[in-house]
Amino acid sequence: MSSSATSAKEPRKKRSWPMIAAVLVAGALVTAGILALLVNIMERKEEAKSPYFHVKNLDEKTFDPAVWGENFPLQYEGYKKTSEMPKDEQATPPAGDPRKFMAKSKLKEDPRLVTMWQGYAFSVEYNEPRGHEYMLQDQQLVKRVTQFKQPGACLNCHASIPQVLDSIGGDKAAAWATMNKTPYKEAVKHANGPIACIDCHDPKTMKLRVTRPAFIEGIKEYKAGQGIKEYDVNKQATAQEMRTFVCAQCHVEYYFKGEEKTLTFPWDKGLTVDDALAYYDEVGWKDFEHKLTGAPAVKAQHPDFETWSNGVHASAGVGCADCHMSYTREGATKVSNHQVASPMRSDATINSSCLTCHHSTEAEMKQRVNTIHDRYEHAKDASFDALDALIKDIEKARKSGVAADKITEAQKQQRKAQFFMDYVVSENSRGFHAPAYTISILNDVTDASRKGQLALRGDIGAGAAAASTASPSSSPSATASPTSATH
Ligand code: HEC
Ligand code: HEC
Ligand code: HEC
Ligand code: HEC
Ligand code: HEC
């Protein structure tokens, strides 16, 4: 035993040079290995950033997503899946309708919506949203289009705009103006399909880009209000911001300005609901005159981006795509889920979105979202009852000859209560995108409804009420365009 121990001593010394050499060689190998690994990682990162297979050359005339799909099959596969619709969300279309199934009616779920929109096309048909694949078809078949006159401006968010403008031809800005004001039924002949790859991606670099003039202009107005002049979204937005801005081209509140029917976002004062109403009061806008009360009403539409902007995820820099297009890995390549849908649809999507940040479980995340939805429904119910009561009280007061100044004051409160309520129910996350903010808007609905009822009783006069409304001096009913039936 000891001999082997002593015999081991000598060779160890003798081997000291070769040992050092071996260590050096090993070290060099490790270094080379690490370098190789780094190079590999960097290559893979490059790959992940630009996985070009270049089967096809893409350019500004490649409108067909199937052609892009030859270069990017995984993203194309996801994109096609926007046609998948869970069974429990499907409804049966009316007789003669070419669709196999459609989305459920929101009006059937809550008749108070019908009361709120009396005198407006939305009281006739309004449904849940569904996948992007259906955006053009659902628009063409909705009664708001088949039974009412609409402008081509509706296409802005329901078709591939680069393709439509190319089909109209000539200068892009002029083609856009033409599309907006052309009657829908003519303009839609230029549209070949729903949103496509070219709407969100530069065909040469695959970088995200904004292709819609209304957002380019709207965000410029918003930034100008924040003291930033001549903001150019496609040059100045960060890559992370673009993961929200591509969606905010469409998922926003809007109106069609003037006889030109120019799609416009009411953002020059900011992105809150108060800012939007102050904008509409200032320009004297109304979408319709309420049939039961005569109030100059404004319809709100899907302010998903604005609501998100007022929530904690926005402040933490979490964008739409982080939740609705979360990454999955295919080998070394990161693939964004192009089946843009609710992240709560499956455990897999909850996992790839929420759980990348929240150290939690799928079940717990579902529970948190359900709790937010429940609180939202509860608060909405209470304030919707208040608004509903105000509308019925104004209707009665007009019939029983209550003084005009009291009615006018009550109509002003209805205008506010109704726009705020609409803003919340037209937002698509049922409170999730900004829970506390959404509840605070609902509180304002209750408050304005109560003030409207007090005004009818004469308990608050025009003078007293002036301090509590956004813009007491403007008179929207007098200045609004008479041809403002836009939706
Ligand atoms: C061109 C306008 C447009 C853009 C851009 C757009 N959407 Fe949509 N989105 C729509 C329309 C329109 C619908 C409803 C289609 C229908 O009901 O037929 C919709 C539906 C949805 C739905 C409901 C899907 C479902 O299966 O229920 C989600 C979620 C959604 N969009 C999120 C996003 C996100 C996230 C982005 C950005 C990555 C985005 N959208 C970009 C117009 C757009
Ligand atoms: C932190 C994650 C998160 C972010 C960020 C986020 N959303 Fe959502 N969104 C949700 C959740 C959760 C719901 C509720 C889904 C449900 O209950 O099934 C939702 C619902 C929606 C819906 C309705 C989906 C449906 O199936 O009816 C739309 C549309 C939508 N979001 C668009 C957007 C847009 C546009 C943005 C960016 C401005 C955005 N979301 C940002 C998580 C997010
Ligand atoms: C509504 C906008 C939108 C549409 C339409 C769209 N994409 Fe994307 N795409 C995105 C977003 C957002 C990302 C994430 C980009 C980032 O963060 O850099 C993305 C990423 C990609 C990437 C980079 C790799 C990855 O998956 O993150 C490829 C490639 C891609 N998309 C291909 C396509 C193809 C092909 C189509 C049409 C079939 C398409 N996209 C349609 C929004 C869109
Ligand atoms: C990229 C990171 C990220 C992703 C993805 C993300 N979150 Fe969050 N979330 C945050 C941060 C940061 C906060 C704010 C700090 C906090 O409360 O932990 C937050 C807050 C929340 C809150 C509290 C909201 C409030 O107003 O108080 C809820 C609920 C929530 N997240 C749910 C979700 C759900 C559900 C998903 C997936 C659909 C999700 N989050 C995806 C980062 C993320
Ligand atoms: C600024 C973008 C934008 C414009 C302009 C726009 N939409 Fe939409 N539309 C959306 C988005 C986003 C959705 C999905 C979210 C939702 O349903 O709230 C949607 C959903 C719809 C739906 C399915 C759900 C429903 O409301 O029944 C129909 C139908 C529709 N729009 C018709 C129209 C018509 C008609 C016009 C023109 C008056 C129009 N849209 C103009 C963005 C837009």
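The values are calculated or read from the model by the stated rules, or taken from the named source; none is laboratory data. Treat the numbers as computed from the prediction; the structure is a model and nothing was measured. FYI the Cβ positions are ideal-geometry reconstructions off the backbone, even for glycines, and counts take in every protein chain you see. These accessible areas exclude ligands, DNA and RNA; they are computed on the full protein's heavy atoms, side chains included. Shrake-Rupley method; radii C 1.70, N 1.55, O 1.52, S 1.80 Å.
A few comments on the model shown:
- Rounded, prolate or oblate (a/c below 1.5 giving rounded, otherwise prolate when a/b exceeds b/c) for the range 159-277 by Cα gyration tensor: oblate
- Stretching the chain fully between LYS87 and ARG345 yields a gain of 91.7 nm (0.36 nm per residue, less the alpha carbon separation).
- Partner lysines for LYS220 [C-alpha distance under 20 Å; skip if fewer than 8 residues away on the same chain]: LYS172, LYS229, LYS235, LYS257, LYS261, LYS269
- Rh by Kirkwood over Cα pairs, then Stokes-Einstein D for the range 102-156 at 0.692 mPa s and 37 °C, µm²/s: 272 µm²/s
- If R0 is 25 Å, the Cβ-Cβ spacing of LYS172 and GLN140 corresponds to a FRET efficiency of close to 0.55.
- Cβ-derived FRET efficiency at R0 45 Å, GLU186 paired with ARG457, nearest 0.05: 0.35
- Relative intensity of the range 330-436 on a log10 scale, I(q)/I(0) at q = 0.10, 0.12, 0.15 Å⁻¹, equals -0.49, -0.61, -0.77, per a Debye sum over C-alpha point scatterers of equal strength in the absence of solvent.
- Carbon + sulfur, % of accessible area of the range 290-401 - ligands and nucleic acids excluded, 1.4 Å: 52 percent
- When the P(r) of the range 375-417 is calculated, the portion above 18 Å amounts to 34% of the C-alpha pairs.
- Surrounding net charge for THR361, when Lys and Arg each add one and Asp and Glu each subtract one, Cβ distance under 11 Å: -1
- Per-residue extension of 0.36 nm, minus the Cα-Cα distance of ILE228 and ALA332, leaves a gain of 33.5 nm for this segment.
- Distance between the C-alpha centres of the range 62-109 and the range 116-167: 15 Å, rounded to the whole angstrom.
- Here's the list of lysines a cross-link from LYS56 could span, going by alpha-carbon distance under 20 Å and ignoring same-chain residues fewer than 8 apart: LYS80, LYS204, LYS207.
- Normalised convex hull volume, the range 168-222, alpha-carbon set, Å³ per residue: 117 Å³
- Paramagnetic reach from LYS56 in the range 165-197 [backbone N under 19 Å; point 7 Å along Cα→Cβ]: 165-167, 191-197
- Pairwise centroid distance, computed over Cα atoms, of the range 401-440 with the range 279-356, Å: 20 Å
- Label zone at GLU128, where the point sits 7 Å out along the Cα-to-Cβ direction: the range 323-346 residues whose backbone N lies under 18 Å: 340-346
- Theoretical FRET efficiency, 1/(1+(r/R0)^6), r = Cβ-Cβ of ASP405 and ASP274, R0 25 Å, to 0.05: 0.50
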